[in-house]
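Here the structure is laid out as structure tokens; the discussion comes afterwards.
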Amino acid sequence: MLMPSPTVLRGLVEEYEALLAEETLAGAAEPSPRLRDLGYTLCVSTGTREIRDALAAARAHLVTTASAPATPAPHRSGAATPRFIAPRPAGSPATPAAGAPLAADTAVP
């Protein structure tokens with residue numbers, strides 16, 4: 001299963017717990033929309049359906065990633081990202097007219 005980066009996951013857990021404590025102290029009858037959103041995001045991020053399970057999975061993941069050695073990001077040589085070059089339509093000139101946009105100017109995400 002894909003898991004979010006430990007930094008993101010830690011931030012979600014910390015924000016959820018802080019907001020939950022705040023709302024509990026204030027005696028909120030219903031959880032705020034932000035608390036519900038955080039709970040949902042934690043569940044989706046951990047592949048669970050209940051917030052208790054999501055928090056447990058997040059904490060377990062954070063413990064295992066904290067003890068694992070950091071892996072360096074792959075080195076990028078600064079090479080340009082490949083771009084899509086659209087084929088020329090049949091019958092179009094081999095060289096575009098001056099000032100006409102080139103097909104290579106259109107990048108495909």
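Throughout, read-outs are computed from the coordinates displayed, never taken from laboratory work. Keep in mind that what you see is a predicted model, and the values were worked out from it rather than measured. Virtual Cβ from ideal backbone geometry, glycine too; neighbours counted across all protein chains shown.
Please report the net charge: other residues with Cβ closer than 15 Å to the Cβ of I51, K and R +1, D and E -1. Residues close to I51 contribute a combined charge of -3. The stretch between S5 and A66, if pulled fully straight at 0.36 nm per residue, gains 20.8 nm over its current Cα-Cα span. Local charge for A28 was computed over the other residues whose Cβ lies under 14 Å away, with Lys and Arg +1 and Asp and Glu -1, and equals -1.
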